[in-house]
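Note sheet for the following structure.
A short reminder: the numbers here are calculations on the coordinates, not readings from a lab. Note that the structure is predicted; figures quoted are calculated from it, not measured. Quick reminder, even Gly has a Cβ in these numbers, built from the backbone with ideal geometry, and neighbours come from all protein chains shown.
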Amino acid sequence: MNQETQELLNTGLARMFKGGVIMDVVDPQQARIAEEAGACAVMALERVPADIRADGGVARMSDPGMIRGIMEAVSIPVMAKCRIGHFMEARILEAVGVDFIDESEVLTPADEAFHIDKKDFRTPFVCGCRDLGEALRRIAEGAAMIRTKGEAGTGDVVEAVRHARAVREGIRRARHMPEEELVAFAREIGAPLELVRQVRELGRLPVVNFAAGGIATPADAALMMQLGMDGVFVGSGIFKSADPARRARAIVEAVTHHDDPQTLARISENLGGAMSGVAARSLDGERRFAGRGW
Amino acid sequence: MRIGILALQGAFAEHREMLATLGVRAELVRTPGGLDGLDGLILPGGESTSMRRLAAWGGLDKALRDFGAGRPVWGVCAGLILMARYVEGEEPFAGLMDMAVARNAYGRQGESFVADLLPGRLGGGPLPGVFIRAPRVVEAGPGVEVLARHGGWPVALVQGHLLATAFHPELTPDPRMHAFFLKLCAARGALP
């Protein structure tokens, strides 16, 4: 299969996720709850980010047996995470047959200089970003989908908003910039000129862009959609809440009806407690996941 | 002519862009009221489990069945599953088209593929078929016309005012399937 066909299939699958919610699940039972609640895909991992944060230590790719168990439990696409730069974890996930690989800052990075050469894989990748430059670097490496990083495992949406706005601001600048400034702009944000040109023409990223990292309520999900995101990842926000099944469904509905406050009010009623969370501002450098990635 | 696209989840914007190139401004449908006065409706690709739940919660399931009973509907991939009368291992959703479907029968993303299809009565050169975790039509009823096949399996089907494709024309620059659907809508299903 040639590169172009591969890209069409991989960015195409990402397009099928749009307007949907991708949920972190740690076992087949949670995966079934997510599917029943209308998730468009699940992320199979051993610990949700809030627990990775609490436990400390090194966070790695999940046990392939556990991932297979989830693949057998549901009919929707299954994603799994590998560490930044750990191309052998990615090879293993590809061999397991997952539908998408997340090269994720939530796990402990394996390489502090380079990300995976994702063009070399048949399986599509999603990668995190904090701004336009980081998004385009990942796309240049072959990412078929982007997610803004936010700050995973906090239940605090502030960083997700910051990163979504930063991407938007970058796109706006590229769009309205005189042609002669493009080369300097590409250098300033550390992105390939060709991709900057593409963003300028499209007025958006050339691949699907989801929000992630701190989304805990239907209102958070709707906010990210209104900021122009194509869909949302919810990690700890569902299964660390009082009533995961109800909250999961409410967040799915909120993404679809994000521009209808009446409906959002109805679906936000009586959901029980949200995850308690931790203010992202209170985290010092080492405890921030979003700073991982280059 | 007023064409709607079910916009609960999935690749609805891509259909809207394709229709715009054909001079049609499509409407996004999220509620039963959104179906009022439409001449045709596209059920896009996405996750069928996600779409059918959102439809049921919003009271769109019955509305879609009623709409499809008389007016043109085109289901793409997940949308094809929503249209099928029989779905292996689960309850059918709208049950509009007389066919039996197996979800994800081609396999996971690793088995997704692109293939040139014979265009049949659409005319012209090969039709690019993008199959992503595609459903397989394992049986089509006697009233169903097969427009295109791949590997012997039907991948584009027409039954009166209903159209279904297992592949994604909206991910290619080829507008022939969309143009065909618009003709179906204009003729209210009475194609020559």
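With the cut-off at 1.5 for a/c, could you classify the range B:1-69 from its C-alpha gyration tensor as rounded, prolate or oblate?
Judged from the Cα gyration tensor, the range B:1-69 comes out oblate (a/c at least 1.5, b/c at or above a/b).
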Determine the shielding of peptide A:185-192 by partner chains: average, over its residues, the number of Cβ atoms on other chains within 10 angstrom of each Cβ. 0
If you line up the Cα atoms of the range B:86-151 on their principal axes, what length do they span on each, largest first, in Å? 38, 34, 18
Using only atoms on other chains, find how many Cβ atoms lie within 10 Å of each Cβ of peptide B:6-13 and report the average. 6
Contact order normalised by residue count of the range A:1-89, Cα under 8 Å, 6+ apart, percent: 28 percent
Is the range B:3-186 rounded, prolate or oblate when judged by the Cα gyration tensor, a ≥ b ≥ c being the square roots of its eigenvalues, rounded requiring a/c under 1.5 and prolate requiring a/b larger than b/c? rounded
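When Rg is the radius of gyration of the Cα atoms in the range A:181-270 and Rh is its Kirkwood radius, what does Rg/Rh come to? Walk me through the numbers before you get to the answer.
Numbers: Rg = 17.1 Å, Rh = 14.8 Å.
Taking Rg over the Kirkwood Rh, I get 1.15.
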Subset of A:Lys240/B:Lys62; A:Lys18/A:Lys119; A:Lys81/A:Lys149 violating a 24 Å alpha-carbon distance limit: A:Lys240/B:Lys62
Footprinting exposure proxy for B:Phe131, A:Phe121 (fewest neighbouring C-beta atoms within 10 Å first): A:Phe121, B:Phe131
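With r as the distance between the Cβ atoms of A:Ser276 and A:Glu179 and R0 = 45 Å, compute the FRET efficiency 1/(1 + (r/R0)^6) and round to 0.05.
On the way: r = 50 Å, r/R0 = 1.12.
Working from the Cβ atoms, E equals 0.35.
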10 Å Cβ neighbours from other chains, averaged over peptide A:1-14: 4
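Give me the compactness ratio for the range A:1-70, meaning the Cα radius of gyration over 2.2 N^0.38 Å. Each step should come with its number before you reach the end.
Working: Rg = 14.9 Å, N = 70, 2.2 N^0.38 = 11.1 Å.
Cα-based Rg divided by the globular estimate yields 1.35.
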Under the Debye formula (equal points on every Cα, no solvent term), log10 I(q)/I(0) of the range A:43-197 at q = 0.21 Å⁻¹: -1.34
Ordering of A:252-260, A:188-196 by packing [mean C-beta count within 10 Å, highest first]: A:252-260, A:188-196
Simple spin-label estimate for A:Phe114/B:Asp39, 7 Å along Cα→Cβ, in nm, reads 5.7 nm
Could you state the orientation-averaged shadow area of the convex hull built on the Cα atoms of the protein assembly as shown, in nm² to one decimal? 22.0 nm²
